[in-house]
Structures are given as structure tokens and as C-alpha cells.
Amino acid sequence: MTNAKSANHRSRDPSTVQSTIQPTIQPIMQNVDASEIAKFEVLAHRWWDKSSEFKPLHDINPLRANFIDKRSPVAEKKIIDVGCGGGILSEALAQRGAIVTGIDMGDAPLAVAELHALESQLEIEYQKITAEEIAEQREQQYDIVTCLEMLEHVPEPNKVVEACAKLCKPGGHLYFATINRNPKSYLFAILGAEHILGLLPKGTHDYEKLIKPSELHSWLRNANLLLQEATGMTYNPLSKKYKMNPNDLTVNYLLHVIKPD
Ligand code: SAH
């Protein structure tokens with residue numbers, strides 16, 4: 001890969017790109033649920049199709065990228081995107097001039113992410129590795145850590161939060177997004193999105209794995225992180241639009257967190 005970059009845009013010469021994705025031998029006891037990874041493997045080829053199962057992620061992407069960039073300007077910052085999938089957020093951040101590492105445990109989403117970055121002429125480092133493993137290698141190396149729509153797919157999400165805290169530099173910023181667990185979120189995120197509106201494939205989310213803000217907050221506190229701001233991301237089925245709504249964390253929500261100096 002080249003290190004060439006323009007002022008506000010990291011680009012690379014496709015002819016010199018080598019895959020950084022290494023097949024890993026999975027040690028036992030990894031904090032990974034193979035059935036969750038499998039859900040994304042089968043859909044990965046449609047990741048960048050904006051009318052596919054990934055439409056909701058495409059729709060919220062400008063909102064969340066702007067939210068992050070406004071609170072922690074990303075240009076020239078080192079960012080790790082944990083559970084990056086096909087790279088929708090990683091690319092939006094790289095486009096804004098960030099130096100991005102994306103990690104995931106799915107082969108197919110990572111392959112799609114690598115190819116798409118090539119098409120977009122963005123230099124992004126993608127790796128198949130868990131947050132816990134890379135945190136051992138790269139402690140306190142990142143200005144910003146993003147972990148969006150991933151915690152609800154992991155057996156022990158508190159461990160991922162701990163690893164994200166370890167990856168972040170003191171004084172750095174972290175962003176976590178997930179889905180609340182209550183009757184309304186069941187109705188909207190599972191029944192509505194998966195069964196009625198067909199926005200997501202059936203089985204994308206398991207109710208019992210959804211995470212209440214109070215639970216995530218307690219994991220943040222245990223990892224010595226400080227909650228800075230919380231906002232909901234609400235979907236209006238009539239206008240078919242998402243918006244940030246700080247007064248409604250009942251379904252999708254996003255937290256801005258700081259690692260104290
Ligand atoms: N963060 C991305 C993708 C969310 S989809 C976005 O918001 O656009 C959830 C992703 O988490 C999938 O790509 C899945 O493969 C990944 N994932 C699930 N469990 C994981 C784990 N234990 N470690 C790393 N990635 C994981």
C-alpha cells in the first residue's frame with residue numbers, strides 16, 4: 001500500500017495493494033458467536049447495495065459519521081472501527097481524512113470491505129481479529145474508537161467495551177451504538193424491521209442480546225470510561241427517514257464516551 005494521501009483524503013494506488021486479511025486459527029474461548037458471524041457472511045455480497053438488507057446502515061451512516069466528526073473531528077486522527085463489517089462507517093471516516101483500521105471476525109464482510117475501499121481509492125487497514133486480541137497488540141494507539149451495531153452480536157459485550165477502552169489513547173473518544181431491550185424495541189427493531197417492514201432479514205437481532213443503556217453504562221464505568229452524550233436514532237416509517245433524537249433512546253441509540261487523561 002502507498003502512504004500517499006491528499007490533504008483531506010487518504011487514497012491508494014490499487015496496483016500496489018496487497019490483502020492484509022490473514023485467515024486466523026481461532027483459539028478456543030474467543031468472545032465470538034459463530035452463528036452471529038454466519039448471519040453476516042451470507043449477506044456480505046450485498047453490503048454496499050443501498051436497497052438491500054444493509055439499507056438501514058446506509059441510511060443512518062451520514063447521521064452517525066457527522067455526529068462523530070462534529071464531536072471529535074476525525075481528519076488525520078487514528079481510528080479503529082470495531083466490527084466494521086463491509087466498511088460503511090470506516091469509509092465515511094476515511095473520506096473525512098481519518099487513518100482507519102477496520103476489524104471484524106467475518107471473512108466475507110472483510111473481503112467486501114477491502115474490495116470496496118479499492119474502488120473508492122481509500123487506504124484502510126482491514127484485519128480479521130477480535131477487539132480483545134488487537135487491544136493486546138495496540139494498547140492506547142487510537143484517538144477514536146468506534147463500535148457501532150456490533151455489541152448485540154457478541155457473547156460478552158462488556159469484554160469488547162474493555163478492549164475498546166484499552167485501544168483508546170488517554171483523552172481519546174469512543175462511540176458505541178446498539179439497540180435497547182424493551183417491549184417497544186422488540187416491536188420496532190424485531191417485529192417491525194424484520195417481520196413487517198422487511199428492512200432486515202428475520203433473525204438479525206435476538207431480543208435477549210439487545211442491550212439497555214443502563215447495562216452499557218455500567219460496562220463503561222467498569223472500564224473507567226465517562227459517558228459524554230447519548231442520543232437515539234429514530235426511524236419514521238412514513239417518511240422512511242432516520243433522525244438523531246436525544247430524547248428517545250428506546251430503540252437504536254448511540255453513546256459518545258471519553259477516556260479520561
Ligand atoms: N459496524 C458496522 C457493521 C455492523 S454489523 C456498521 O455499523 O456499519 C455487525 C458486524 O459485527 C458484522 O460484520 C459481524 O461480522 C461483526 N461481528 C460480530 N461479532 C464480532 C466479534 N466478536 N468480533 C468482531 N466482529 C464481530
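Expressed as a rounded percentage, what relative contact order does the stretch 131-188 have, with Cα pairs under 8 Å and six or more residues apart? Provide the component values of the computation, followed by the final result.
On the way: 72 pairs, mean separation 26.3, N = 58.
Rounded, it is 45 percent for the stretch 131-188.
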*In the full protein assembly as shown, how much of Asp33 is accessible to a 1.4 Å probe, in Å² to the nearest 10?*
40 Å²
*Counting only protein heavy atoms, what percent of the accessible surface of the chain is carbon or sulfur at a 1.4 Å probe?*
55 percent
*Could you provide, to the nearest whole Å², the per residue accessible area of the chain with probe 1.4 Å?*
46 Å²
*Rounded to whole Hz and in sequence order, give me ³J(HN,Hα) for the stretch 190-200 from the Karplus expression 6.51 cos²θ - 1.76 cosθ + 1.60, θ = phi - 60°, writing x for Gly and Pro.*
9, 4, x, 5, 8, 9, 9, 7, x, 6, 10
_Exceeding 20 Å between C-alpha atoms, which entries from my cross-link table qualify? They are Lys78/Lys128; Lys128/Lys159; Lys128/Lys166; Lys70/Lys259; Lys39/Lys159; Lys128/Lys259._
Lys39/Lys159; Lys128/Lys259
*Is it possible to state the helix-based mean residue ellipticity at 222 nm for the chain, with each DSSP H run of 4+ residues giving -39500 (n - 2.57), the sum divided by total residues, to the nearest 500 deg cm²/dmol? What is it?*
-9000 deg cm²/dmol
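Determine the relative contact order of the chain: mean sequence separation of Cα pairs under 8 Å and six or more apart, normalised by residue count, in whole percent. The partial results should precede the final answer.
Numbers: 524 pairs, mean separation 46.8, N = 261.
RCO, the chain: 18 percent.
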*For the stretch 93-103, just list the computed ³J(HN,Hα) in residue order, Karplus coefficients 6.51, -1.76 and 1.60, θ = phi - 60°, integers in Hz, with x standing in for Gly and Pro.*
6, 5, 4, 8, x, 7, 9, 10, 10, x, 10
*Send over the per residue convex hull volume for the chain, Cα only, as a whole number of Å³.*
122 Å³
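Would you mind counting up the charge near Thr234? Only other residues with Cβ under 14 Å from its Cβ, with Lys and Arg at +1 and Asp and Glu at -1.
Values: positive: Arg64, Lys184, Lys240, Lys241, Lys243; negative: Asp59, Asp248.
Summing Lys and Arg as +1 and Asp and Glu as -1 gives +3.
The values are calculated or read from the model by the stated rules, or taken from the named source; none is laboratory data. This structure is a prediction, so every number in the text was calculated from the model and none was measured. Here Cβ is always computed from backbone atoms with ideal geometry, including for glycine, and neighbour counts include all displayed protein chains. Accessible surface areas use protein heavy atoms only, side chains included; no ligands, DNA or RNA. Shrake-Rupley method; radii C 1.70, N 1.55, O 1.52, S 1.80 Å.
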